[in-house]
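Read the structure below first, then the notes.
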Amino acid sequence: MSHPDFHAPTNPDVPIWRYMDLAKFASMCQSNALHFARANIMEDVFEGSTSQATVDARRTSLGRDVTDAEFNEYDTQMTAGAKRLPSYLYLNCWHMNEHESVAMWKIYQSGAPQGIAIRSTYRRLSESITDATGILIGTVTYADYAADVMPEGVFARFLHKRVSFEYEREIRAVHLAQRHDDRTPWLPEGPPVVPISVDLDKLVETVYVSPKAPAWFADVVRDVTVRYGKSWPVQYSSLDSDPVY
């Protein structure tokens, strides 16, 4: 499934990482699914918004023949629809990097010594989706929300973030739970998280245990993988390697 708002990385075999705790890892294994979070519960309150420069450019994009009343009606409808979208669009987010990220470990461990990262690739993620609902995957563009003009498409709003988040180097899988038009009323807001079926054996390349994690935690992670019939390699973070002098 393709869409013009979604762009693949230059190298489809670039490594991507998803950091999580043990409970989410076990849930993923048990359900054979990735869990997509509703956009309006994400930490960044700018999810689904656009830049000020984009708003300022709307009038120009409509042409000179549009009256003030017509533009105001259009602008009101655009704003109202855009504010609703985060309640119906779900995201599953990955970090694109050749190597582990110290910053990502710190964020997702939240101060605890135990954490897990699964390593995959963009190609593996794309080919692992077995859900028939239609999942789109693409890279995130980081923009200056004061100065940059951004696309106004439904999905484009969720594939742009402020430049302050550029360290995330994010790839997003996106699920739109309801496609709205003038003939279709908005449904009630869906659950905070929805499972999307995937072929985990095709998706997961390696499982990493967080830096400084105790030996017992690595044993638990291995036990979980075996319990659910998985044969993925489980290894310690490379950040635990001993320095040489």
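The values are calculated or read from the model by the stated rules, or taken from the named source; none is laboratory data. Just so you know, these numbers come straight off a predicted model, no measurement behind them. Positions of Cβ are generated from backbone atoms using ideal geometry, with glycine treated the same way; all protein chains shown enter the neighbour counts.
Quick grid of which residues meet (1) more than 17 Å from the chain's Cα centre (by Cα); (2) basic (Lys, Arg); (3) at pLDDT 95 or above:
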| residue | (1), (2), (3) |
| --- | --- |
| Gln114 | yes, no, no |
| Ser120 | no, no, yes |
| Ser128 | no, no, yes |
| Leu159 | no, no, yes |
| Leu176 | no, no, no |
| Leu187 | yes, no, no |
| Lys212 | yes, yes, no |
* Structure fact -> Only one of Val154, Val174, Val207 is crowded, with 16+ Cβ neighbours inside 10 Å and farther than 25 Å from Gln109 by Cα, namely Val154
* Asked: Under 8 Å by Cβ, and 6 or more places apart or on different chains, what pairs join a residue from the range 155-172 that is farther than 13 Å from Phe46 by Cα with one that is exposed (fewer than 13 other Cβ atoms within 10 Å of the Cβ)?
  -> Tyr167/Ala103
* Structure fact -> Per the list (1) loosely packed, with under 15 Cβ neighbours inside 10 Å; (2) touching a residue at least 60 places away in the same chain (Cβ under 8 Å); (3) not in a loop (DSSP other than H, G, I, E, B), residue check on Tyr90 breaks on (1)
* Structure fact -> Of the residues in the range 34-73, those that are in a helix (DSSP H, G or I), in contact (Cβ under 8 Å) with a residue 60 or more places away in the chain, β-branched (Val, Ile, Thr) and surrounded by 15 or more Cβ atoms within 10 Å (Cβ to Cβ) come to Thr54
* Structure fact -> Residues in the range 132-179 that are closer than 13 Å to Gly48 by Cα, out of contact with any Lys or Arg (no Cβ under 7 Å at 6 or more places or on another chain) and in a loop (DSSP other than H, G, I, E, B) total 6
